Amino acid sequence: MIPQGKKINPLKYLSVFLFTAIIFGSGFLLSDYIAQKRFQQLDVLQQNLRTDILSLETQFSVLRQAPCDNLNESTLTKELYDVSQKLSEVSADLGEKSPYYLQLKKYYSIMEIQHWLLVKQAAKECSMPFHTIIYFYADKEHCPSCENQGYLLTYFREKYPSLRIYSFDFDLPLSALQALKSVFGLKDNLPVIVVDKDVYYGFKDKTQLEDLLGKYVNLESLEQKPVASSTPSSSAASPPAKNKK
Amino acid sequence: MAIIEFLVYTAVFLALYYGAFVFLTFFENKNRIYRPSVKRRVFPFLTVILPCFNEEENIDAVLGSLCVSDYPKDKLEIIVVDDGSTDSTLAKARAFQENCPFVRVFHKENGGKYTALNLGIQNARGDFIGCVDADCFVDRFALKNTLAYLDDPEIMASVATIKIMKSKNILEGIQTAEYLGSAFLRKIASFWDSIIVTSGPLSIFRKEVFQKIGLYRQAHLTEDLEMAFRMQFNNMRIAHALEAFVYTKARPTLKSLCRQRLRWQRGFLLNLRDYKELLNFRKHGNLALFLLYCFIGAFMSMAIVSYGLFQLAKALWGGLGHLWLLQGDFSYLFPREFSWPVLHFSTGLILNIFSLALIISFLFVGKKLTFDKIKLKSKAIYYWLFYSYLATFWWVLAFYSIIFKKKLVWG
């Protein structure tokens, strides 16, 4: 005869199932709640960015009237870097195809273009030693070597703090980006690096990148962080050049 | 990716389901965790069998612990069966015999543990027969407390709680935590009449068990597991005496631990094949589902851990690729400023935290219920970090050994 303890009690199995389902479901709800909280933080960050852009535009207006050393784009650079970090998190959570992520990415790309314009203008009008690289990447199917190129450029940004690197998704449907692409007459041959007005196609390894940048600037001078208030702040970091943003 | 996510979610759901079932059973039976202490005047005659093979380092300790047991000596006999030892085990056992008249010593040609146990059973005078491993140390009250469960005429065997003597390294600490958790889970399994091993360190049987279902068998080097399976097959009830303690030595090295667990896991799979009838839930109810849970769990853990290791290997490969890209500039691989890693509280992570909390709770409840005083926190952390990988590795070894028909020796 089957011992009492072995006998299956369907009601017990069912009640434990329901209890487990509640615990399991609460895991989903909790992660959803945390994700919502993070999106709210992102909205706040966007608001801050808008304020900074407005402040930047005002700085530009003032720049026309006042000496160049009033320009300080460090806060904006820091904010841009924060957004890029947050964007990576959203991408990890929602996936790169998520409409919410794509919208934020577009917004971020516009911020980058504005920043690039400011730096370019400041370099020209105030003779400031800004050095910029524009980098176009795409996803793995379109550009298999972009991941490595992005990693190398991030390394360069760390090694040469005075270097400003702006990275853009080549396939992002954004008119401002199309305009930037047409300014340099870019072809669909990724990855693309633009230094000054010169366009370089294809993957560039560490030595090639150093040789290439060496044509425009003394690399040793880029290793030192700028100290003058008229130049980008030492705490400022350029937007990362990873291909997943 | 979708398959592995499905597997992870299913595994977590099953783990949570099992945990909920365990705690529900615990609360249902919280007044039956220990046997109520009864002052008894009459004790049954008990034979304790101690099979030995080259145990010269351990035999004094185990015999000493049995000789000072809180059990009337006129109702106790200890049968030492020397299974053809080539060291001084036999001489030491005989020396003990001179001081303890209730110790009997037998010597035979080496034939394996089960043959030594059977010789002891055939010569036992007691109505109750205890089997003890020679590398153990029996708590003073263990015999009495284990035997107390056999007051219930329906109970045919009773197993003691196994603890680790002293842990000296991380690996032994992990085993200490594991044994505490197992003590709690085995007690719960006893309420489902689903104990699947009459453990070697200390189990006491009614003599009629062997008369009805036969003596020990070779059973893929896991005779204690096979005996429990055979008892379950015959619907004989096994109890767990949570308050009876027997101490065993932890395996000090990874190699020796792997050899032991390979034998256990392999024995589980092969004995399950021999007793597949136990998986019939119409005949064996909770036990069938419990065994099925263990079996499916083995496959799931292998799949999930393999995937985790694959991801780790991929990350390491990626790291090497980055180093190549940087042409050997190691400095960039280490962050210049420390920053806390950003945790993505995904559903998978949260559910995994739930199930890990559950596993850790088993350890601490086990500690409390067995009145243990050890410091468990660090051991529980090591257990949490490494145990799932170790257990999965043992399953892989066991399946490999079975599929490729590898010959196994005692380990």
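Taken together, the values in this text are just the output of simple stated rules run on the coordinates, not laboratory data. Since we're looking at a predicted model, the values are computed, not measured. Cβ placement follows ideal geometry from the backbone for every residue including glycine, while neighbour counts extend to all protein chains displayed.
When B:His220, A:His115 are arranged by Cβ crowding within 10 Å, least crowded first, meaning fewest neighbours, the order is B:His220, A:His115.
What order do you get for A:Phe168, B:Phe354 when you list them from fewest to most C-beta neighbours inside 10 Å? Final ranking by Cβ density, sparse to dense: B:Phe354, A:Phe168.
Of B:Lys187/B:Lys212; A:Lys37/A:Lys105; B:Lys187/B:Lys368; A:Lys159/B:Lys314; B:Lys30/B:Lys283, which ones are farther than 21 Å apart at the Cα? Long pairs (Cα-Cα over 21 Å): B:Lys187/B:Lys212; A:Lys159/B:Lys314; B:Lys30/B:Lys283. Each of B:Lys75 and B:Ala357 was given a label point 7 Å from its Cα along the Cα-to-Cβ line. The distance between the two points is 4.8 nm. Taking the inverse of the average 1/r across all pairs of different Cα atoms in segment A:95-167, what Kirkwood radius in Å do you get? Hydrodynamic radius (Kirkwood, Cα pairs) of segment A:95-167 is 13.9 Å.
Taking amide hydrogens as placed 1.01 Å from N in the peptide plane, the amide H of B:His240 sits under 5 Å from those of B:Val159, each at least 5 positions away in sequence or on another chain. Membrane-span-like helices in chain B (whole DSSP H runs, Cα extent of at least 18 Å along the helix axis, mean Kyte-Doolittle hydropathy of at least -0.5): B:2-28, B:170-191, B:281-325, B:347-369, B:377-403.
Each of B:Leu287, A:Leu172 was scored by other Cβ atoms within 10 Å of its Cβ. Listed from fewest to most, they are A:Leu172, B:Leu287.
Between A:Tyr201 and A:Gln47, the simple spin-label model (points 7 angstrom out along Cα→Cβ) gives 4.7 nm. What the Cβ-Cβ distance of B:Phe6 and A:Glu141 gives, at R0 = 22 Å and to the nearest 0.05, is a FRET efficiency of 0.30. Ranking B:Leu270, B:Phe45, B:Ser301 by how far each Cα lies toward the positive end of the dipole of chain B (charges on Cβ) leaves B:Phe45 at the top.
Close amide H pairs (under 5 Å, H built 1.01 Å from N) link B:Val105 with B:Val80, residues at least 5 positions away or on another chain.
Compactness check for segment B:35-138: Cα Rg over 2.2 N^0.38 Å is 1.06.
Per-residue ellipticity at 222 nm, computed for the protein assembly as shown from helices alone with -39500 (n - 2.57) per DSSP H run of at least four residues, works out to -19000 deg cm²/dmol. Cross-link partners of B:Lys108 among lysines, defined as those whose alpha carbon lies under 17 angstrom from its own and excluding same-chain residues fewer than eight positions apart: B:Lys92. The DSSP beta bridges internal to the protein assembly as shown are antiparallel in roughly 35% of cases.
So for the protein assembly as shown, considering every pair of alpha-carbon atoms, how many percent are separated by more than 40 Å?
The calculated P(r) of the protein assembly as shown puts 48 percent of pairs beyond 40 Å.
In plain terms, chain B is cut at each of the GluC sites (Glu not before Pro) found in a DSSP loop with at most 14 other Cβ atoms within 10 Å, and the longest leftover piece is B:155-336. Relative to the current alpha-carbon distance between B:Arg217 and B:Asp151, full extension at 0.36 nm per residue lengthens the span by 21.0 nm.
The simple spin-label model puts a point 7 Å past each Cα toward its Cβ; for A:Lys187 and B:Leu323 those points are separated by 3.8 nm.
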